[in-house]
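Visitor: Sending over a structure as C-alpha coordinates; questions will come in a sec.
The values are calculated or read from the model by the stated rules, or taken from the named source; none is laboratory data. Source: prediction; values computed, not measured. Every residue, glycine as well, gets a Cβ built from its backbone with ideal geometry; the counts of neighbours run over all protein chains shown. We work out accessible area using only protein heavy atoms, side chains counted, and drop any ligands, DNA or RNA first. Shrake-Rupley method; radii C 1.70, N 1.55, O 1.52, S 1.80 Å.
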Amino acid sequence: MVELLSPAGNLEKLKIAFAYGADAVYGGVSHFSLRIRSGKEFTYETFQEGIDYAHKLGKKVYVTINGFPFNSQLELYRKHMEKMASMGPDAFIIATPGLVKMAKEVAPEIPIHLSTQANVMNLLDAEFYYNLGVRRIIAAREISLKDIEAIKAALPELELEVFVHGSMCFAYSGRCLISSLQSGRVPNRGSCANDCRFPYVLYAENPETGVTFKLEEEEGVGTYIMNAKDMNLASHIDEILKSGAVDSLKIEGRTKSPYYVAVTAYAYRRAIDDYYAGKFNAQNYQKELHTTKHRGFTDAYLIHRPFEREGTQSLESSISEGTYQVQALVDEAGLAFLVKDKVCEGDEMEILSPEPIKEKVKNERGEIYQKEDGKWYLKMHLLETPKGKCYECIHSGNENPILLPAVLPPFTFLRKKVKE
(Lines give C-alpha, C1' and ligand atoms only; values in the text may rest on other atoms or scores of the structure.)
Protein backbone atom coordinates (compact mmCIF):
# COMPACT_ATOMS: atom_id res chain seq x y z
CA MET A 1 0.00 0.00 0.00
CA VAL A 2 1.19 3.52 -0.81
CA GLU A 3 2.54 5.64 2.05
CA LEU A 4 0.80 8.84 3.17
CA LEU A 5 3.42 11.40 4.23
CA SER A 6 2.41 14.54 6.15
CA PRO A 7 4.26 17.66 7.33
CA ALA A 8 5.31 17.98 10.98
CA GLY A 9 6.09 21.59 11.85
CA ASN A 10 6.21 20.85 15.57
CA LEU A 11 5.47 18.05 18.04
CA GLU A 12 1.73 18.80 18.23
CA LYS A 13 1.37 18.73 14.45
CA LEU A 14 3.34 15.47 14.32
CA LYS A 15 0.85 13.87 16.71
CA ILE A 16 -2.12 15.33 14.82
CA ALA A 17 -0.83 13.99 11.49
CA PHE A 18 -0.60 10.48 12.90
CA ALA A 19 -4.00 10.76 14.61
CA TYR A 20 -5.66 11.60 11.29
CA GLY A 21 -4.04 8.85 9.24
CA ALA A 22 -0.49 9.69 8.15
CA ASP A 23 1.92 6.76 7.85
CA ALA A 24 4.97 8.99 8.15
CA VAL A 25 5.90 12.62 8.73
CA TYR A 26 8.80 14.86 7.76
CA GLY A 27 10.31 17.73 9.72
CA GLY A 28 13.54 19.24 10.89
CA VAL A 29 15.46 21.17 13.49
CA SER A 30 17.19 24.55 12.97
CA HIS A 31 18.31 26.25 9.76
CA PHE A 32 19.61 23.06 8.15
CA SER A 33 16.03 22.44 7.03
CA LEU A 34 14.35 24.45 4.28
CA ARG A 35 11.76 25.81 6.74
CA ILE A 36 13.59 27.86 9.36
CA ARG A 37 10.35 28.95 11.04
CA SER A 38 9.09 25.40 11.58
CA GLY A 39 12.62 24.24 12.45
CA LYS A 40 12.60 26.66 15.38
CA GLU A 41 9.45 25.01 16.73
CA PHE A 42 11.34 21.76 17.20
CA THR A 43 14.23 21.37 19.61
CA TYR A 44 16.51 18.35 19.52
CA GLU A 45 14.69 17.12 22.62
CA THR A 46 11.16 17.46 21.22
CA PHE A 47 12.25 16.01 17.88
CA GLN A 48 13.59 12.95 19.69
CA GLU A 49 10.25 12.76 21.52
CA GLY A 50 8.50 12.86 18.16
CA ILE A 51 10.61 10.03 16.75
CA ASP A 52 9.98 7.89 19.83
CA TYR A 53 6.24 8.65 19.65
CA ALA A 54 6.11 7.66 15.97
CA HIS A 55 8.00 4.42 16.46
CA LYS A 56 5.68 3.35 19.28
CA LEU A 57 2.84 3.68 16.74
CA GLY A 58 4.81 1.75 14.13
CA LYS A 59 5.14 4.91 12.02
CA LYS A 60 8.07 6.84 10.57
CA VAL A 61 9.85 10.19 10.79
CA TYR A 62 12.02 11.61 7.99
CA VAL A 63 14.51 14.37 8.84
CA THR A 64 14.83 17.36 6.52
CA ILE A 65 18.47 18.36 6.02
CA ASN A 66 17.76 19.80 2.59
CA GLY A 67 19.37 23.24 2.64
CA PHE A 68 22.13 24.35 0.24
CA PRO A 69 25.23 24.98 2.38
CA PHE A 70 28.13 27.40 1.99
CA ASN A 71 31.66 26.10 2.52
CA SER A 72 31.67 27.73 5.96
CA GLN A 73 28.69 25.59 6.99
CA LEU A 74 29.94 22.14 5.99
CA GLU A 75 31.32 21.19 9.38
CA LEU A 76 28.10 22.39 11.03
CA TYR A 77 26.12 20.16 8.69
CA ARG A 78 28.31 17.18 9.58
CA LYS A 79 27.78 17.69 13.31
CA HIS A 80 24.05 18.16 12.77
CA MET A 81 23.85 14.91 10.78
CA GLU A 82 25.68 13.06 13.53
CA LYS A 83 23.25 14.45 16.11
CA MET A 84 20.17 13.58 14.06
CA ALA A 85 21.47 10.10 13.23
CA SER A 86 21.83 9.35 16.94
CA MET A 87 18.06 9.84 17.33
CA GLY A 88 17.23 6.93 15.04
CA PRO A 89 15.13 8.60 12.32
CA ASP A 90 13.85 6.58 9.38
CA ALA A 91 15.55 8.65 6.65
CA PHE A 92 17.44 11.85 5.85
CA ILE A 93 15.95 14.17 3.20
CA ILE A 94 18.91 15.75 1.37
CA ALA A 95 19.13 18.02 -1.68
CA THR A 96 22.75 18.01 -2.93
CA PRO A 97 25.19 15.29 -4.12
CA GLY A 98 27.86 16.53 -1.70
CA LEU A 99 25.59 16.18 1.31
CA VAL A 100 24.49 12.74 0.09
CA LYS A 101 28.17 11.76 0.18
CA MET A 102 28.56 13.27 3.65
CA ALA A 103 25.49 11.41 4.95
CA LYS A 104 26.85 8.10 3.64
CA GLU A 105 30.05 8.74 5.59
CA VAL A 106 28.45 10.05 8.79
CA ALA A 107 25.44 7.72 9.04
CA PRO A 108 25.59 4.88 6.51
CA GLU A 109 22.73 3.12 8.30
CA ILE A 110 20.22 5.95 7.67
CA PRO A 111 18.38 5.73 4.31
CA ILE A 112 18.66 8.81 2.09
CA HIS A 113 15.68 10.44 0.37
CA LEU A 114 16.56 12.97 -2.30
CA SER A 115 14.74 16.28 -1.82
CA THR A 116 12.45 17.72 -4.47
CA GLN A 117 14.89 20.66 -4.52
CA ALA A 118 17.25 18.45 -6.55
CA ASN A 119 14.68 18.73 -9.37
CA VAL A 120 14.78 15.13 -10.64
CA MET A 121 12.51 14.85 -13.69
CA ASN A 122 14.09 12.13 -15.82
CA LEU A 123 15.55 8.63 -15.72
CA LEU A 124 19.16 9.74 -16.23
CA ASP A 125 19.16 11.93 -13.12
CA ALA A 126 17.25 9.32 -11.12
CA GLU A 127 19.77 6.65 -12.06
CA PHE A 128 22.68 8.91 -11.09
CA TYR A 129 21.33 9.44 -7.57
CA TYR A 130 20.30 5.79 -7.24
CA ASN A 131 23.87 4.73 -8.02
CA LEU A 132 25.04 7.30 -5.45
CA GLY A 133 23.12 5.39 -2.79
CA VAL A 134 19.81 7.27 -2.65
CA ARG A 135 16.93 5.01 -1.55
CA ARG A 136 14.05 7.30 -2.54
CA ILE A 137 13.62 10.26 -4.87
CA ILE A 138 11.10 13.00 -4.12
CA ALA A 139 10.35 14.02 -7.67
CA ALA A 140 10.19 17.61 -8.88
CA ARG A 141 6.68 19.03 -8.78
CA GLU A 142 6.95 19.62 -12.54
CA ILE A 143 7.29 15.91 -13.41
CA SER A 144 4.53 14.03 -15.22
CA LEU A 145 3.01 10.72 -14.15
CA LYS A 146 4.22 9.18 -17.42
CA ASP A 147 7.80 10.12 -16.55
CA ILE A 148 7.34 8.69 -13.04
CA GLU A 149 6.16 5.43 -14.61
CA ALA A 150 9.18 5.34 -16.92
CA ILE A 151 11.61 5.81 -14.02
CA LYS A 152 9.89 3.08 -12.00
CA ALA A 153 9.97 0.66 -14.91
CA ALA A 154 13.73 1.14 -15.34
CA LEU A 155 14.58 1.31 -11.60
CA PRO A 156 11.96 -0.80 -9.78
CA GLU A 157 13.96 -0.86 -6.52
CA LEU A 158 14.08 2.95 -6.31
CA GLU A 159 11.25 4.41 -4.20
CA LEU A 160 9.43 7.37 -5.78
CA GLU A 161 7.62 10.05 -3.81
CA VAL A 162 5.39 12.76 -5.29
CA PHE A 163 3.69 15.86 -3.88
CA VAL A 164 -0.10 15.68 -4.06
CA HIS A 165 -1.16 18.72 -2.03
CA GLY A 166 0.02 22.12 -0.81
CA SER A 167 1.78 25.29 -1.86
CA MET A 168 3.26 25.59 -5.32
CA CYS A 169 6.23 27.79 -6.16
CA PHE A 170 6.27 30.32 -8.99
CA ALA A 171 9.87 29.27 -9.71
CA TYR A 172 11.21 25.90 -10.83
CA SER A 173 10.65 23.52 -7.91
CA GLY A 174 11.53 26.19 -5.39
CA ARG A 175 14.72 27.42 -7.06
CA CYS A 176 13.78 31.05 -6.49
CA LEU A 177 15.87 34.19 -5.93
CA ILE A 178 13.13 36.84 -5.68
CA SER A 179 13.13 36.86 -1.89
CA SER A 180 16.95 37.06 -1.85
CA LEU A 181 16.94 40.07 -4.16
CA GLN A 182 14.17 42.00 -2.42
CA SER A 183 14.70 41.25 1.26
CA GLY A 184 17.95 39.32 1.58
CA ARG A 185 16.09 36.22 2.78
CA VAL A 186 17.43 33.15 0.97
CA PRO A 187 14.75 30.67 -0.13
CA ASN A 188 17.12 27.73 -0.56
CA ARG A 189 18.43 28.14 2.96
CA GLY A 190 15.00 28.15 4.54
CA SER A 191 14.09 31.81 4.98
CA CYS A 192 11.90 32.62 1.97
CA ALA A 193 9.79 35.75 2.54
CA ASN A 194 7.15 34.58 0.01
CA ASP A 195 7.61 37.64 -2.19
CA CYS A 196 5.75 35.83 -4.98
CA ARG A 197 2.58 36.08 -2.86
CA PHE A 198 2.59 39.91 -2.83
CA PRO A 199 0.55 42.19 -5.13
CA TYR A 200 2.68 44.23 -7.52
CA VAL A 201 2.14 47.53 -9.34
CA LEU A 202 3.32 47.36 -12.94
CA TYR A 203 5.04 50.17 -14.86
CA ALA A 204 6.35 50.58 -18.38
CA GLU A 205 9.09 52.94 -19.57
CA ASN A 206 9.89 54.30 -23.02
CA PRO A 207 13.73 54.11 -23.20
CA GLU A 208 13.87 56.79 -25.92
CA THR A 209 11.97 59.44 -23.97
CA GLY A 210 12.44 58.25 -20.39
CA VAL A 211 8.69 58.48 -19.82
CA THR A 212 7.32 55.99 -17.29
CA PHE A 213 3.63 55.18 -16.93
CA LYS A 214 1.58 52.86 -14.79
CA LEU A 215 -0.17 49.88 -16.39
CA GLU A 216 -3.77 49.83 -15.23
CA GLU A 217 -5.16 46.47 -14.21
CA GLU A 218 -8.45 45.14 -15.50
CA GLU A 219 -11.39 45.44 -13.16
CA GLY A 220 -11.74 42.32 -11.07
CA VAL A 221 -8.26 41.07 -11.96
CA GLY A 222 -5.63 41.58 -9.29
CA THR A 223 -1.88 41.99 -9.54
CA TYR A 224 -0.72 38.88 -7.70
CA ILE A 225 1.13 38.03 -10.88
CA MET A 226 3.49 35.41 -9.40
CA ASN A 227 1.08 33.83 -6.89
CA ALA A 228 0.74 30.14 -7.74
CA LYS A 229 -2.42 28.29 -6.76
CA ASP A 230 -2.14 25.41 -4.32
CA MET A 231 -1.73 21.87 -5.58
CA ASN A 232 -4.68 19.54 -5.01
CA LEU A 233 -4.52 16.08 -6.57
CA ALA A 234 -7.15 14.39 -4.40
CA SER A 235 -9.37 13.82 -7.44
CA HIS A 236 -6.53 11.98 -9.18
CA ILE A 237 -5.42 9.63 -6.40
CA ASP A 238 -7.08 6.69 -8.15
CA GLU A 239 -5.16 7.43 -11.34
CA ILE A 240 -1.88 7.81 -9.45
CA LEU A 241 -2.32 4.57 -7.53
CA LYS A 242 -3.40 2.63 -10.63
CA SER A 243 -0.01 3.45 -12.17
CA GLY A 244 1.75 1.37 -9.49
CA ALA A 245 4.75 3.67 -9.85
CA VAL A 246 4.39 5.84 -6.74
CA ASP A 247 5.52 4.68 -3.29
CA SER A 248 4.65 7.76 -1.24
CA LEU A 249 2.12 10.60 -1.49
CA LYS A 250 3.42 13.79 0.12
CA ILE A 251 1.53 16.73 1.57
CA GLU A 252 3.31 20.11 1.75
CA GLY A 253 2.89 22.44 4.71
CA ARG A 254 5.20 22.41 7.74
CA THR A 255 4.28 26.02 8.51
CA LYS A 256 0.53 25.49 7.99
CA SER A 257 -1.98 25.26 10.84
CA PRO A 258 -2.75 22.16 12.92
CA TYR A 259 -6.21 22.12 11.28
CA TYR A 260 -4.61 22.00 7.82
CA VAL A 261 -2.44 19.07 8.92
CA ALA A 262 -5.49 17.22 10.26
CA VAL A 263 -7.79 17.80 7.30
CA THR A 264 -5.25 16.99 4.60
CA ALA A 265 -4.20 13.77 6.33
CA TYR A 266 -7.86 12.88 6.92
CA ALA A 267 -8.92 13.53 3.31
CA TYR A 268 -6.01 11.76 1.62
CA ARG A 269 -6.22 8.82 4.07
CA ARG A 270 -9.84 8.37 3.02
CA ALA A 271 -8.93 8.70 -0.67
CA ILE A 272 -6.22 6.04 -0.40
CA ASP A 273 -8.31 3.62 1.66
CA ASP A 274 -11.37 4.12 -0.54
CA TYR A 275 -9.33 3.40 -3.67
CA TYR A 276 -8.11 0.09 -2.28
CA ALA A 277 -11.66 -0.73 -1.12
CA GLY A 278 -13.07 0.01 -4.59
CA LYS A 279 -15.21 2.98 -3.53
CA PHE A 280 -13.18 6.04 -4.57
CA ASN A 281 -15.29 9.24 -4.60
CA ALA A 282 -13.35 12.44 -5.31
CA GLN A 283 -16.18 14.75 -4.22
CA ASN A 284 -15.98 13.52 -0.61
CA TYR A 285 -12.28 14.41 -0.28
CA GLN A 286 -12.63 17.76 -2.03
CA LYS A 287 -15.36 18.87 0.39
CA GLU A 288 -12.96 18.44 3.29
CA LEU A 289 -9.96 19.99 1.56
CA HIS A 290 -11.99 23.09 0.67
CA THR A 291 -12.58 23.73 4.38
CA THR A 292 -8.94 24.81 4.69
CA LYS A 293 -7.47 28.18 3.75
CA HIS A 294 -5.96 28.06 0.26
CA ARG A 295 -4.95 30.14 -2.77
CA GLY A 296 -7.35 28.39 -5.09
CA PHE A 297 -6.58 24.85 -6.25
CA THR A 298 -4.86 23.44 -9.31
CA ASP A 299 -4.00 19.90 -10.33
CA ALA A 300 -0.65 21.30 -11.44
CA TYR A 301 1.66 19.24 -13.64
CA LEU A 302 1.59 15.58 -12.64
CA ILE A 303 -1.51 14.85 -14.72
CA HIS A 304 -1.49 17.82 -17.12
CA ARG A 305 1.52 19.54 -18.65
CA PRO A 306 1.83 23.35 -18.29
CA PHE A 307 1.31 23.96 -22.01
CA GLU A 308 -1.88 21.87 -22.05
CA ARG A 309 -3.87 24.10 -19.75
CA GLU A 310 -3.94 27.35 -17.84
CA GLY A 311 -5.13 28.10 -14.33
CA THR A 312 -2.08 27.57 -12.13
CA GLN A 313 -1.89 31.20 -10.95
CA SER A 314 -4.15 32.97 -8.43
CA LEU A 315 -4.22 36.58 -9.58
CA GLU A 316 -6.92 37.99 -7.30
CA SER A 317 -5.58 37.45 -3.77
CA SER A 318 -2.72 35.88 -1.85
CA ILE A 319 -4.95 33.44 0.07
CA SER A 320 -8.63 32.63 0.46
CA GLU A 321 -10.62 31.53 3.48
CA GLY A 322 -11.89 27.98 3.58
CA THR A 323 -15.52 26.98 3.94
CA TYR A 324 -15.12 26.39 7.70
CA GLN A 325 -13.75 28.33 10.66
CA VAL A 326 -11.97 26.38 13.39
CA GLN A 327 -13.52 27.16 16.77
CA ALA A 328 -11.52 24.94 19.11
CA LEU A 329 -9.07 22.06 19.44
CA VAL A 330 -9.54 19.24 21.96
CA ASP A 331 -6.46 18.59 24.10
CA GLU A 332 -4.41 15.40 24.13
CA ALA A 333 -6.27 14.06 27.17
CA GLY A 334 -9.64 14.50 25.43
CA LEU A 335 -11.16 16.22 28.48
CA ALA A 336 -11.19 19.88 27.43
CA PHE A 337 -10.76 22.16 24.45
CA LEU A 338 -8.69 25.27 23.75
CA VAL A 339 -10.46 28.06 21.92
CA LYS A 340 -9.17 29.12 18.50
CA ASP A 341 -12.05 31.50 17.71
CA LYS A 342 -14.95 32.98 19.70
CA VAL A 343 -17.14 30.33 21.39
CA CYS A 344 -20.31 31.18 23.32
CA GLU A 345 -22.80 29.19 25.35
CA GLY A 346 -25.33 27.61 23.00
CA ASP A 347 -23.06 27.65 19.93
CA GLU A 348 -23.37 24.59 17.71
CA MET A 349 -20.03 23.29 16.44
CA GLU A 350 -19.39 20.46 14.00
CA ILE A 351 -17.01 17.76 15.25
CA LEU A 352 -14.06 16.65 13.11
CA SER A 353 -12.56 13.69 14.91
CA PRO A 354 -9.72 11.28 14.11
CA GLU A 355 -11.94 8.47 15.45
CA PRO A 356 -15.67 7.78 15.02
CA ILE A 357 -18.00 9.28 17.64
CA LYS A 358 -20.08 6.42 19.06
CA GLU A 359 -22.46 7.78 21.67
CA LYS A 360 -24.79 10.72 22.15
CA VAL A 361 -24.28 12.75 25.34
CA LYS A 362 -26.43 15.31 27.14
CA ASN A 363 -25.67 16.84 30.55
CA GLU A 364 -25.28 20.20 32.30
CA ARG A 365 -22.06 21.02 30.39
CA GLY A 366 -23.45 20.39 26.93
CA GLU A 367 -24.55 17.80 24.41
CA ILE A 368 -23.04 15.72 21.63
CA TYR A 369 -25.47 14.58 18.94
CA GLN A 370 -25.76 13.43 15.34
CA LYS A 371 -27.91 15.18 12.75
CA GLU A 372 -29.61 13.94 9.60
CA ASP A 373 -26.55 14.84 7.53
CA GLY A 374 -24.67 12.07 9.36
CA LYS A 375 -22.29 14.51 11.02
CA TRP A 376 -21.74 14.90 14.76
CA TYR A 377 -22.10 18.20 16.61
CA LEU A 378 -21.29 19.68 20.02
CA LYS A 379 -23.35 22.34 21.78
CA MET A 380 -21.94 23.80 25.01
CA HIS A 381 -24.35 24.82 27.80
CA LEU A 382 -21.62 25.66 30.31
CA LEU A 383 -18.18 27.12 29.52
CA GLU A 384 -16.19 26.20 32.63
CA THR A 385 -12.46 25.79 33.26
CA PRO A 386 -10.97 23.02 35.45
CA LYS A 387 -10.56 25.68 38.18
CA GLY A 388 -14.26 26.49 38.16
CA LYS A 389 -14.18 29.81 36.29
CA CYS A 390 -17.16 30.23 33.95
CA TYR A 391 -17.68 32.32 30.80
CA GLU A 392 -20.63 33.29 28.66
CA CYS A 393 -18.25 33.61 25.74
CA ILE A 394 -14.56 32.87 25.40
CA HIS A 395 -12.29 34.31 22.72
CA SER A 396 -9.20 33.16 20.86
CA GLY A 397 -6.05 33.99 22.77
CA ASN A 398 -7.61 32.86 26.05
CA GLU A 399 -5.51 29.86 27.07
CA ASN A 400 -7.91 28.51 29.70
CA PRO A 401 -9.11 25.00 28.77
CA ILE A 402 -12.88 24.49 28.72
CA LEU A 403 -14.22 21.23 30.07
CA LEU A 404 -16.17 19.02 27.64
CA PRO A 405 -19.47 17.29 28.46
CA ALA A 406 -17.77 13.95 27.67
CA VAL A 407 -14.38 12.64 26.61
CA LEU A 408 -13.61 13.17 22.90
CA PRO A 409 -10.71 11.67 20.94
CA PRO A 410 -7.48 13.68 21.36
CA PHE A 411 -6.92 16.39 18.73
CA THR A 412 -10.59 16.57 17.73
CA PHE A 413 -11.44 19.88 16.02
CA LEU A 414 -14.63 21.86 16.58
CA ARG A 415 -15.63 24.00 13.61
CA LYS A 416 -18.39 26.12 12.04
CA LYS A 417 -19.33 26.44 8.40
CA VAL A 418 -18.84 30.02 7.16
CA LYS A 419 -19.66 29.60 3.48
CA GLU A 420 -20.65 27.00 0.91
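Visitor: Every residue in region 89-105 that is open to solvent by less than 30 Å² (accessible area, probe 1.4 Å) and not in a strand (DSSP E or B), please.
Guide: The answer is Pro89, Ala95, Thr96, Leu99, Val100, Met102, Ala103.
Visitor: Of everything in region 381-403 that's more than 30 Å from the chain's Cα centre (by Cα) and acidic (Asp, Glu), which residue is least open to solvent (accessible area, probe 1.4 Å)?
Guide: Checked region 381-403; the qualifying residue least open to solvent (accessible area, probe 1.4 Å) is Glu384.
Visitor: Spot the failing condition for Ala245; the list is (1) in a loop (DSSP other than H, G, I, E, B); (2) modelled with pLDDT under 85, and only one is missed.
Guide: (2)
Visitor: Output the residues belonging to region 242-280 that are open to solvent by 20 Å² or more (accessible area, probe 1.4 Å), touching a strand residue (DSSP E or B) at 6+ places or on another chain (Cβ under 9 Å) and closer than 10 Å to Val2 by Cα. Reasoning before the result, please.
Guide: Taking region 242-280 as the starting set, the residues that turn out to be open to solvent by 20 Å² or more (accessible area, probe 1.4 Å) are 242-244, 247, 255-258, 266, 269-270, 273-280.
Next cut, touching a strand residue (DSSP E or B) at 6+ places or on another chain (Cβ under 9 Å) only: 247, 255-258, 266, 269.
Residue satisfying the conditions is Asp247 alone.
Visitor: Under 6 Å by Cβ, and 6 or more places apart or on different chains, what pairs join a residue from region 272-300 that is without any contact (Cβ under 8 Å) to a residue 24 or more places away in the chain with one that is of a type in the set (Phe, Trp, Tyr)?
Guide: Listed pairs, sorted by first residue: Asp274/Phe280.
Visitor: Being in a loop (DSSP other than H, G, I, E, B), modelled with pLDDT of 85 or more and surrounded by 15 or more Cβ atoms within 10 Å (Cβ to Cβ) is the filter here; which residues of region 313-335 pass it?
Guide: Within region 313-335, Gly322, Thr323, Asp331, Gly334, Leu335 qualify.
Visitor: Taking the condition of being hydrophobic (A, V, I, L, M, F, W, C) and surrounded by fewer than 21 Cβ atoms within 10 Å (Cβ to Cβ), how many residues in region 78-88 meet it?
Guide: 2
Visitor: Would you say Lys360 is modelled with pLDDT of 95 or more and surrounded by fewer than 20 Cβ atoms within 10 Å (Cβ to Cβ)? Full working, then the answer.
Guide: Working: modelled with pLDDT of 95 or more: yes; surrounded by fewer than 20 Cβ atoms within 10 Å (Cβ to Cβ): yes.
So Lys360 passes the test.
Visitor: Does at least one position in region 370-380 carry a residue that is surrounded by 13 or more Cβ atoms within 10 Å (Cβ to Cβ), among the basic types (Lys, Arg) and under 29 Å from the mean Cα position of the chain (by Cα)?
Guide: Looking through region 370-380, none of the residues is surrounded by 13 or more Cβ atoms within 10 Å (Cβ to Cβ), among the basic types (Lys, Arg) and under 29 Å from the mean Cα position of the chain (by Cα).
Visitor: Restricting attention to region 55-77, and to residues there that are open to solvent by less than 60 Å² (accessible area, probe 1.4 Å) and more than 20 Å from Thr255 (Cβ to Cβ), which single residue is modelled with the lowest pLDDT? Lay out the reasoning, then the answer.
Guide: Applying the first criterion (open to solvent by less than 60 Å² (accessible area, probe 1.4 Å)) to region 55-77 yields 59, 61-69, 73, 77.
Narrowing the set further to residues that are more than 20 Å from Thr255 (Cβ to Cβ) leaves 59, 69, 73, 77.
Values: Lys59: 98, Pro69: 87, Gln73: 90, Tyr77: 93.
If we take residues in region 55-77 being open to solvent by less than 60 Å² (accessible area, probe 1.4 Å) and more than 20 Å from Thr255 (Cβ to Cβ), then Pro69 is modelled with the lowest pLDDT.
Visitor: Filter region 108-136 for residues that are assigned to a helix (DSSP H, G or I), over 19 Å from Cys169 (Cβ atoms) and touching a helix residue (DSSP H, G or I) at 6+ places or on another chain (Cβ under 6 Å) and give the result.
Guide: Result: Leu123, Ala126.
Visitor: Considering only residues of region 281-305 that are over 18 Å from the mean Cα position of the chain (by Cα) and in a helix (DSSP H, G or I), which is surrounded by the fewest Cβ atoms within 10 Å (Cβ to Cβ)?
Guide: Checked region 281-305; the qualifying residue surrounded by the fewest Cβ atoms within 10 Å (Cβ to Cβ) is Gln283.
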